[in-house]
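> Below: one structure in structure tokens.
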Amino acid sequence: MHVVFAYGCLMDPAVMARVCPHARPDAPPDDPAAAAAQLPGHRLAFPIPTDPEWQSPIASLTPDPAATAQGVLWSLDDVSLAALDDYEDTDLGIYTRRPLRVARLRSSPTPSPPRPESLTAWVYLANPTPHPDAPASLHPSPDYRAALLRGADHFRLTLAYRDTLAALPTTQDANPT
């Protein structure tokens, strides 16, 4: 099995189920919040200008020593990991899958089997993009931000982080009609 740290739309269980139907939160079935994790030294950014599925800039993580990104740990089999590589366009060089050290936000009161507090997980990071405004001025669409919030709420990421996601400006905010 492989463990993947998802921080974008793949935090949303419905999105992950569509992309990787056999993926499971890396947590006991009765405690999905135990799959919540953090990656210190990184912040959420939107450097990829437009994704055809979302009609939105999409997420990546940018190194930032003062920040900590939050996300969800998923357990995937080999077939699901290959499907995720395809979804993330690794063959086109859009994202690269890297092993990074992450930490669980909280431990399960009754872990079975026991899960480490800190572990190495696969993390998909966007390759540099030539977009001159990335990442500061790109914003997700309202639908993409909603997927982030559904995942953050479902897995009970910290309230402060959920507030940060809810406050993200969207393409609609940046381009009011």
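> Can you pull out every residue in the range 43-62 that is surrounded by 23 or more Cβ atoms within 10 Å (Cβ to Cβ) and not aliphatic (A, V, I, L, M)?
Phe46, Ser56, Pro57, Ser60
> Collect the residues in the range 45-92 that are within 24 Å of Thr158 (Cβ to Cβ) and free of Cβ contacts under 8 Å to residues at least 60 places away in the same chain, keeping them in residue-number order.
Pro63, Asp64, Pro65, Ala66, Ala67, Thr68
> Here's something else I'd like to know. List, please: which pairs have Cβ atoms under 7 Å, are six or more places apart or on different chains, and start with a residue in the range 9-24 that is farther than 16 Å from Ala35 by Cα and end with one that is of a type outside the set (D, E, K, R) and part of a strand (DSSP E or B)?
Cys20/Leu76
> Which residue is surrounded by the most Cβ atoms within 10 Å (Cβ to Cβ), if the candidates are limited to the range 95-119 and must be modelled with pLDDT under 90 and of a type in the set (A, V, I, L, M)?
Checking each candidate, the answer is Leu105.
The values are calculated or read from the model by the stated rules, or taken from the named source; none is laboratory data. No experiment lies behind these values; they were computed from the predicted model shown. As a convention, Cβ positions derive from the backbone with ideal geometry for all residues, glycine included, and neighbour counts pool all protein chains shown.
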